[in-house]
Amino acid sequence: MAQAYSAGLTVTENIVLKKERILPLKGKVLVKKGDKVKAEDFVAETFLPGKVMPMKLANALGVLPATLNEHLKVKPGDKIKKGQILAQTSGFLGLFKSTARSPLDGEFESVSAHTGQALLREPRIPIQVRAFIDGIVVDVIPDEGVVIENKSAYVQGIFGLGNETTGLLKMLVSAPDSSAKTADITDDCKDKLIVVGSTCDLTTIEKAKEVGVRGIITGGISDTDIKELLGYDIGVAITGHEEIGLTLVVTEGFGKISMARKTFELLQKFEGKKASIHGRTQIRAGVIRPEIIVPLDFDEDELVAQKPRMSTLDIGGMIRIIREPNFGKIGRIIKLPESLVVVESETKVRILEAELEDGQTVTVPRANVEVIEL
């Protein structure tokens, strides 16, 4: 039989990771190859140009544009301060001078002898890229960024919201099918990444934000709670840049879904350890998954780059169902029939048979599952 490929979802206690940390435009790399970095360290920086403000400099002085250069006290490219004199006439016998002062801190960019207008630019906006994960700089891309490698415990989620953050893992439940209550979120959750179990509602999120939680890891969440949290339907957009006060990683899907035991036990094992998470999600081409990364101790010679491999459907392999009626359930493949089968939509598809965690056997189109890489 030809090998069958499917989307993969990785949950593993030990993996070598490589992360590119790239600036949005060329700038300066702050570390060198071989440096050990922490997730919080800045590894590259650049500056976005500030907003331009035009100023009618000739009119302010009451002179002709062609003579404006004679009165300038600064030149293009100079840094300027609010209130600083930009240009000044000599006046009559040293009296009755006309003065033009800067309305902002920034840079004197240019001046036109034809229009008499100067262009001032607000201060440049710094953009700094953090390492995101503890690790070693294995490559430097000049003026653009770096590649960082490490050894980690690693979990991919189904859906997420919010940007990159780090913190210590804290379990608020003792079983994957339990759900944390708002009363469980206390002051000692501040700056932590909390694992809340099978579901997380809007009240829990709001309490976590109030306490100062950096991230929430949950099995499931209601789509109506997401809409209320964001104020709009998420649709098929790329997530991960929402300003919601924390980062949210959903490991299983929408609704109240027990967290996969493998995922729960892995997070439980590393409670109290530092982790890095992000909520970036893209479902369509170029799939992006939210991630939970727990750095492990390692020797540098352990970081042997692993070649990416396609996720395959194999007998005995673990899968997650990603369509109703068994959405979010975990199972083990027991059969992979080669013949096509007619499904409810009257289309012919290849199917698989899987035994779910509760012992139930189901038949599922192969397109409706994703492989869990353990």
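The values are calculated or read from the model by the stated rules, or taken from the named source; none is laboratory data. What you see is a predicted model; the values in this text were computed from it and never measured. Glycine gets a Cβ as well: all are built from the backbone with ideal geometry, and neighbour counts include every protein chain shown.
Here is how the numbers come out for the structure above:
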item: Residue in region 189-209 that is over 30 Å from LYS28 (Cβ atoms), crowded, with 21+ Cβ neighbours inside 10 Å and among the basic types (Lys, Arg) present; result: yes
item: Checking ILE158 against (1) surrounded by 14 or more Cβ atoms within 10 Å (Cβ to Cβ); (2) at pLDDT 95 or above, the condition it does not meet; result: (2)
item: Pick from region 330-351, criterion in contact (Cβ under 8 Å) with a residue 60 or more places away in the chain and surrounded by 14 or more Cβ atoms within 10 Å (Cβ to Cβ), ranking: nearest to VAL11 (Cα to Cα); result: ILE330
item: Any chance THR199 is outside the structural domain of ARG320 (by TED's automatic domain parsing), at pLDDT below 95 and either of a type in the set (Lys, Arg) or touching a strand residue (DSSP E or B) at 6+ places or on another chain (Cβ under 7 Å) (or both); result: yes
item: Per-region count, region 47-79, residues in a loop (DSSP other than H, G, I, E, B), under 15 Å from GLU109 (Cβ atoms) and touching a Gly at 6+ places or on another chain (Cβ under 8 Å); result: 1
item: Unique match (being out of contact with any helix residue (DSSP H, G or I) (no Cβ under 7 Å at 6 or more places or on another chain) and either in the same structural domain as LEU169 (by TED's automatic domain parsing) or not in a strand (DSSP E or B) (or both)) among LYS207, LYS262; result: LYS262
item: Failed condition for THR115, given (1) of a type in the set (Val, Ile, Thr); (2) more than 30 Å from LEU246 (Cα to Cα); (3) touching a Phe, Trp or Tyr at 6+ places or on another chain (Cβ under 9 Å); result: (3)
item: Extreme residue, modelled with the highest pLDDT, among residues of region 80-96 that are in a loop (DSSP other than H, G, I, E, B) and touching a Lys or Arg at 6+ places or on another chain (Cβ under 6 Å); result: GLY83
item: Any hit, region 335-345, residues being at pLDDT 85 or above and within 28 Å of THR199 (Cα to Cα); result: no
item: Residues of region 292-317 that turn out to be more than 30 Å from PRO337 (Cβ to Cβ) and at pLDDT below 65, as a count; result: 7
item: Residue match in region 142-160 (condition: assigned by TED's automatic domain parsing to the domain that holds PHE264 and either part of a loop (DSSP other than H, G, I, E, B) or on the phi > 0 side of the Ramachandran plot (or both)); result: yes
item: Test result for PHE42, at pLDDT below 95, surrounded by fewer than 17 Cβ atoms within 10 Å (Cβ to Cβ) and not assigned by TED's automatic domain parsing to the domain that holds GLY157; result: no
item: Region 159-184 residues that are under 17 Å from GLY255 (Cα atoms), paired with ones that are charged (D, E, K, R) (beta carbon under 6 Å, 6 or more apart); result: LEU161/GLU242; PRO176/ARG261
item: Subset of region 112-139 [part of a loop (DSSP other than H, G, I, E, B) and either surrounded by 22 or more Cβ atoms within 10 Å (Cβ to Cβ) or free of Cβ contacts under 8 Å to residues at least 24 places away in the same chain (or both)]; result: ALA131, PHE132, ILE133, ASP134
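Table: residues versus (1) surrounded by 14 or more Cβ atoms within 10 Å (Cβ to Cβ); (2) hydroxyl-bearing (Ser, Thr, Tyr); (3) in the same structural domain as GLN117 (by TED's automatic domain parsing); (4) under 30 Å from ILE293 (Cα atoms).
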| residue | (1), (2), (3), (4) |
| --- | --- |
| LYS26 | no, no, no, yes |
| LYS33 | no, no, no, yes |
| THR46 | yes, yes, no, yes |
| ALA66 | no, no, yes, no |
